[in-house]
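Since the structure comes first, as structure tokens, the remarks are kept for the end.
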Number of protein chains: 4
Amino acid sequence: MIIQLKEDVTSKEKEQIISKAEALSFHITEVKTQEHIYLVGVGKGDIDPRSLGHMKGIQDLHRVSDDYKLVSRKWRINPTQIDLGNQIKIGEGEFTIMSGPCSIESEEQIVAIIDHLKQNNIKIMRGGVFKPRSSPYSFRGNGIDGLKTWYKYAKEAGIKIISEVMQVSQIEPMYDYVDIYQVGARNTQNFNLLDELGKVDKPVLIKRGISGTVDELLYSAEYVFSAGNERLMLCERGIRTYERSSRNTLDINAIPILKEKSHLPVIADPSHAIGIRRHVPSVALACVIAGADGIIYESHYSPEEALSDGQQTLNFKESNQLINQMRATFDLRKSFGN
Amino acid sequence: MIIQLKEDVTSKEKEQIISKAEALSFHITEVKTQEHIYLVGVGKGDIDPRSLGHMKGIQDLHRVSDDYKLVSRKWRINPTQIDLGNQIKIGEGEFTIMSGPCSIESEEQIVAIIDHLKQNNIKIMRGGVFKPRSSPYSFRGNGIDGLKTWYKYAKEAGIKIISEVMQVSQIEPMYDYVDIYQVGARNTQNFNLLDELGKVDKPVLIKRGISGTVDELLYSAEYVFSAGNERLMLCERGIRTYERSSRNTLDINAIPILKEKSHLPVIADPSHAIGIRRHVPSVALACVIAGADGIIYESHYSPEEALSDGQQTLNFKESNQLINQMRATFDLRKSFGN
Amino acid sequence: MIIQLKEDVTSKEKEQIISKAEALSFHITEVKTQEHIYLVGVGKGDIDPRSLGHMKGIQDLHRVSDDYKLVSRKWRINPTQIDLGNQIKIGEGEFTIMSGPCSIESEEQIVAIIDHLKQNNIKIMRGGVFKPRSSPYSFRGNGIDGLKTWYKYAKEAGIKIISEVMQVSQIEPMYDYVDIYQVGARNTQNFNLLDELGKVDKPVLIKRGISGTVDELLYSAEYVFSAGNERLMLCERGIRTYERSSRNTLDINAIPILKEKSHLPVIADPSHAIGIRRHVPSVALACVIAGADGIIYESHYSPEEALSDGQQTLNFKESNQLINQMRATFDLRKSFGN
Amino acid sequence: MIIQLKEDVTSKEKEQIISKAEALSFHITEVKTQEHIYLVGVGKGDIDPRSLGHMKGIQDLHRVSDDYKLVSRKWRINPTQIDLGNQIKIGEGEFTIMSGPCSIESEEQIVAIIDHLKQNNIKIMRGGVFKPRSSPYSFRGNGIDGLKTWYKYAKEAGIKIISEVMQVSQIEPMYDYVDIYQVGARNTQNFNLLDELGKVDKPVLIKRGISGTVDELLYSAEYVFSAGNERLMLCERGIRTYERSSRNTLDINAIPILKEKSHLPVIADPSHAIGIRRHVPSVALACVIAGADGIIYESHYSPEEALSDGQQTLNFKESNQLINQMRATFDLRKSFGN
């Protein structure tokens, strides 16, 4: 059960609502996001909305049978749209492309990629400055300094930045230089990080865990939402299976399923999913037609020289072609009314 | 190594070629299909084509580094097209739709579905008369009698039949009534069945195993091919993973990968892959844009009454819409040159 | 629901029982095994045993909530013991070792291994004469002739034979030369083969599918049982997962779970499960202490020269040691009362 | 390559060694643990030890072909033993039992469990005060206050504490009250947490990720080791597979494999692996005989009332029996020389 409270609810009204709900055997968590105030009730029984709905201070009351609540579409039927400013919006009828290198490497690289994005009218650039690596001896990214350099050029060009945050202590130093925080597949269940991202007033993209279920991804989003941040995106990036002919198995089923279960935008990452450069476009287009609100993929002026993930990164010629094909595919999907 | 022999090769020439190849440390298997004669050489070393290529009786010689040989695209670079007669062709630029019920149930059902297919200009009907079921107490299909009834109506309507064969002893009784034999996911590594289907002069569609790898599917096709039958199709139908929000996980990556590795047509089965009726179209369209040569899906005039798989079967209204959308999506793909 | 009928039940009595059960909304399958006659009832409702139990011709009536019925321990509470004759018994307190090569290769090999088994007082020899191989170009076993040679020596030595049957047409030619038919992991859901093995009066060992669930293994056994053969064993041999440091992942959990769910003996195959020779003993001992009724593993006088599976096959010195350790471990387990 | 430096190596000597190694195309990372100083060299080429080994300041030089280095047994051939003081040692011939509740709940609970452990001469108690939970609305543990209460009673009783740390900011507040930090399955690749635990002078137990590979677990240990902490344990706790009859699939193969690949002690967690109370003992004993250096399992005076994981927690009677059986099984294993 989700009770959305009026903005001007009084403490006394709120207490009365909580008492009444607890008397109906609900465990109540008060959630105050940057936009609204909710009481989230978890309980086994069903509820007759009339028994509570008339109380003062209540804006709206919804029964939600899913175990996740605030991210469920059973409550918020219309899809969520995230506004990044400058006319850049994600979700609810928009199709968003995010592109860029695995790692931010140099000014030369940043400039070249921003130029590529601008030529294609792409407004969001991806790139890593903190890189999670299996081996402690691998390149771990250029850190905050890399991010600052990137930010300088991106701001000039009107390009927004999405970049991975790996730990709580990086949130604040990154804050001035990113537009979207990305939670990587190894951190999808780093609950402390999720809690802290709930307090930030910037959007968050949450990748599905390496072997995470659809429901676990929704629960992770519930963590951030219930900690205060409603501006979330979900990202399918392939799951770990026994199959060895590709890096991960992109779960194409998850795209329509997530769109139905949640009101949040769904982004797909074909680069990490298949891990084979020449097949990235086929998988990207599949995600577009299946209902993704956006695609995030890796591009580089010279994938052969990239410090990481070169084998799954498109060069600019390939990227240009993919962008055109994705847009045409999205237009076809819209014509289907999907 | 694949050595294609001339049609008029003499026994003596063939023996000489075999001796020479064995002397070069290849293990040679002679393969006589309904169309050609080959010597397939398996060996660790590399070979200089000039050392053999000049010998009498040789049409062509190809080095193939894959462990599967005759189904590899490293040997036969152009995709294979399968001609079913009556202008019905599969693969190499054609887009093929196969639709119909999980199980053949009754004349009324057959007539209704054939009518639906004709209205949509679909030429191949799927349906099961031998049903593999986990429990011995479940409905196991209407058998050969069901197939004969089906055949009567299909022939009149000019519709081709694809149906699953579960064991060697069914091949011959089914022969007069099917146009394509289907090997189900539980029989992908039933090597005796594959061997016997190699001797039949009708096309075979091989489904990927429930947890089969891409390579195992290619090996299974190699069994049928090397036993004599070149008219094969591969079918991606979802794999078993830990994810529980859908029936199986459709491996969308496998579509471009199979198309690259093999010259055989690739068909996708979205119905078994996702197992949720309202999401079948999204997944079907994803497979089309990703490169599938055809889609096989379940339809029924009243899925709610179907004896099996009703939860993943489209009704005719849904099916009509999907057919139109698949064709539009295929046209878009062609416009991309993919 | 399982109704065991009296041996002297009359047709009329049986019909009356069936009518009554169908009136209670059960779908009834009549099962006549080599030992008893049953009516297996599948239905959604519960049943009050008194409503049927008094009828003439009924020996016993059991409610079984599992979807598999005759192999369930909810019906037959005492474990099943299989008697191979000559004091050789499997299950219910016995600990059975089956050992031998992956493939039967030569008389010399047969003689050496039989000698090894006799020295260790092992009564059952494993070996393949029909080998399922991913590639059609690999060695496929020495066939019936290999089996006949093996049989000659085994019979002299008082050793029983277990060997894999791959297809229906092999059942009859193998019949005179095997003591236990083995169904391999690729055939666990070859339902026609299972049906036919139900008609044979020799025991059957069913391996779990390559990615088969515990429940699917029980259903496969239900096929054989309901087709007439009660003398069955289940075999855990490792499942396919994402992990690549071993050949398969032995599901040790499955051993106590299968023992609880079913009355059938449970055998474990550590050789195929881990696939690494030096680690086979650790895994074998784990299966013994966890409750397995027997272990089947690969041994050879010279694993390095074996035609197949040499990397997971023990030599005689290793095998001697493992046998002693397994017996000591089984004794310890018995002392625990497990 | 691992170069262990002498304790009294001079800066100049170290620089010369690094120069020489870099000239041989190795990428060198200097590692200063709480016990030794190393230079870890990652490179593609092989090395002739004589080309470096004679240099001043070098204690020892080892070629290590694995990608992980310091945790590899190719370098440190003898198993590592961890000394907790008070004669409590883990690894290298010791068998260690760690038992206790999922969550620390109350003083009454703590006292009862400590009493149970003392009666069985168990020296290490497990328990969670920070609980990772899929849902943000679930009980998340009693936090530092719970830990302090626990510590008070444990210290009096001479019992050591192992408890999960979920984030960097908890390391310091927990420090005075834990003897072993546990890294949970969702944090195995939380690289920042691993880095920080490298700086702590208390042992760390690292659980395998929910779908982590054996190699990824070793890499995670390499993170902690290379950040300074050599006192590490690895823990097998079951992996995520398609099988649904148990909570996770305990990878019994991983136990001998980890023991061979690494010199670190290997602990097994049967409770989370199978998740079914009555089967925990079978799996625990399997892990003991397969080579585990210790077992960590859940016990509670009244599992039915536990706030979390009750379905997999043993009561004291069951726990008493398991302890005796594990010790007898370990004795048997020792008698085998394993």
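The values are calculated or read from the model by the stated rules, or taken from the named source; none is laboratory data. On a predicted model such as this, the values are computed, not experimentally measured, just so you know. Using ideal geometry, Cβ is built from the backbone for each residue, glycine included, and neighbour counts are taken over all protein chains shown.
Odds and ends about this structure:
- Residues of the range C:253-265 that are more than 7 Å from chain D (Cβ to nearest Cβ) and either surrounded by fewer than 24 Cβ atoms within 10 Å (Cβ to Cβ) or in contact with a Ser or Thr (Cβ under 6 Å, 6 or more places away or on another chain) (or both): C:Lys259, C:Glu260, C:Lys261, C:His263, C:Leu264.
- Taking the listed residues B:Ile82, B:Ile47, the one that is modelled with pLDDT of 95 or more and more than 14 Å from chain C (Cβ to nearest Cβ) is B:Ile82, with no other qualifying.
- Of all residues in the range D:298-331 being in contact with a His (Cβ under 9 Å, 6 or more places away or on another chain) and of a type in the set (Ser, Thr, Tyr), the one that is surrounded by the most Cβ atoms within 10 Å (Cβ to Cβ): D:Ser299
- Search result, residues across the range D:322-335 that are in contact with a strand residue (DSSP E or B) (Cβ under 9 Å, 6 or more places away or on another chain) and within 11 Å of another protein chain (Cβ to nearest Cβ): D:Leu322, D:Met326
So that you can scan it fast, the table gives a plain yes or no per residue for (1) part of a helix (DSSP H, G or I); (2) not aromatic (Phe, Trp, Tyr); (3) not assigned by TED's automatic domain parsing to the domain that holds B:Gly291:
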residue	(1), (2), (3)
B:Val9	no, yes, yes
B:Ser19	yes, yes, yes
B:Gly93	no, yes, no
B:Asp115	yes, yes, no
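- Residues located in the range D:77-106, provided they are surrounded by 15 or more Cβ atoms within 10 Å (Cβ to Cβ) and in contact with a helix residue (DSSP H, G or I) (Cβ under 9 Å, 6 or more places away or on another chain): D:Pro79, D:Phe95, D:Ile97, D:Ser99, D:Gly100, D:Pro101, D:Cys102, D:Ser103, D:Ile104, D:Glu105
- Screening the range D:205-217 for residues that are buried (at least 24 other Cβ atoms within 10 Å of the Cβ) and among the hydrophobic types (A, V, I, L, M, F, W, C) and picking the one that is nearest to the chain's Cα centre (by Cα) gives D:Leu205.
- Residue in the range C:279-320 that is farthest from the other protein chains (Cβ to nearest Cβ), counting only those that are assigned to a helix (DSSP H, G or I) and within 15 Å of C:Cys235 (Cβ to Cβ): C:Ala284
- Residues of the range A:210-243 that turn out to be part of a loop (DSSP other than H, G, I, E, B) and more than 8 Å from chain D (Cβ to nearest Cβ), as a count: 11
- Any hit, the range B:69-86, residues being in the same structural domain as B:Tyr151 (by TED's automatic domain parsing), among the small types (Gly, Ala, Ser) and touching a Ser or Thr at 6+ places or on another chain (Cβ under 7 Å): no
- Tally of residues being hydrophobic (A, V, I, L, M, F, W, C) and either free of Cβ contacts under 8 Å to residues at least 24 places away in the same chain or at positive phi (or both) across the range C:298-338: 2
- The set of residues in the range D:54-73 being out of contact with any Lys or Arg (no Cβ under 9 Å at 6 or more places or on another chain) and either charged (D, E, K, R) or free of Cβ contacts under 8 Å to residues at least 24 places away in the same chain (or both) consists of D:His54, D:Asp60, D:Asp67, D:Lys69.
- Residue selection: C:Ser51 satisfies the criterion of being among the small types (Gly, Ala, Ser), in contact (Cβ under 8 Å) with a residue 12 or more places away in the chain and not in a strand (DSSP E or B).
- D:Val224 vs. criteria at pLDDT 95 or above, on the phi < 0 side of the Ramachandran plot and surrounded by fewer than 24 Cβ atoms within 10 Å (Cβ to Cβ): no
- Residue within the range B:5-15 that is surrounded by 19 or more Cβ atoms within 10 Å (Cβ to Cβ) and within 14 Å of another protein chain (Cβ to nearest Cβ) present: no
- Of all residues in the range B:264-283, those that are at positive phi have Cβ atoms under 6 Å from Cβ atoms of residues that are among the polar types (S, T, N, Q) and assigned to a helix (DSSP H, G or I), 6 or more apart or on another chain, in B:Gly275/B:Gln312.
- When restricted to residues that are more than 14 Å from chain B (Cβ to nearest Cβ) and buried (at least 17 other Cβ atoms within 10 Å of the Cβ), the range C:25-36 contains 0.
- Among (1) outside any loop (DSSP other than H, G, I, E, B); (2) within 14 Å of another protein chain (Cβ to nearest Cβ) - the single one A:Asn338 does not satisfy: (1)
- Scanning the range B:120-173 for residues that are aromatic (Phe, Trp, Tyr) and either at positive phi or at pLDDT below 95 (or both) returns B:Tyr137, B:Phe139.
- Positions within the range D:185-207 being in contact with a Gly (Cβ under 8 Å, 6 or more places away or on another chain), in a loop (DSSP other than H, G, I, E, B) and within 13 Å of another protein chain (Cβ to nearest Cβ), in sequence order: D:Thr188, D:Gln189, D:Gly198
- Failed item, numbered, when C:Gln34 is tested on (1) part of a loop (DSSP other than H, G, I, E, B); (2) more than 22 Å from C:Phe225 (Cα to Cα): (2)
- Only one of the numbered conditions (1) within 21 Å of D:Gly85 (Cβ to Cβ); (2) away from chain A (no Cβ under 12 Å); (3) without any contact (Cβ under 8 Å) to a residue 60 or more places away in the chain is violated by D:Ile180, and that is (3).
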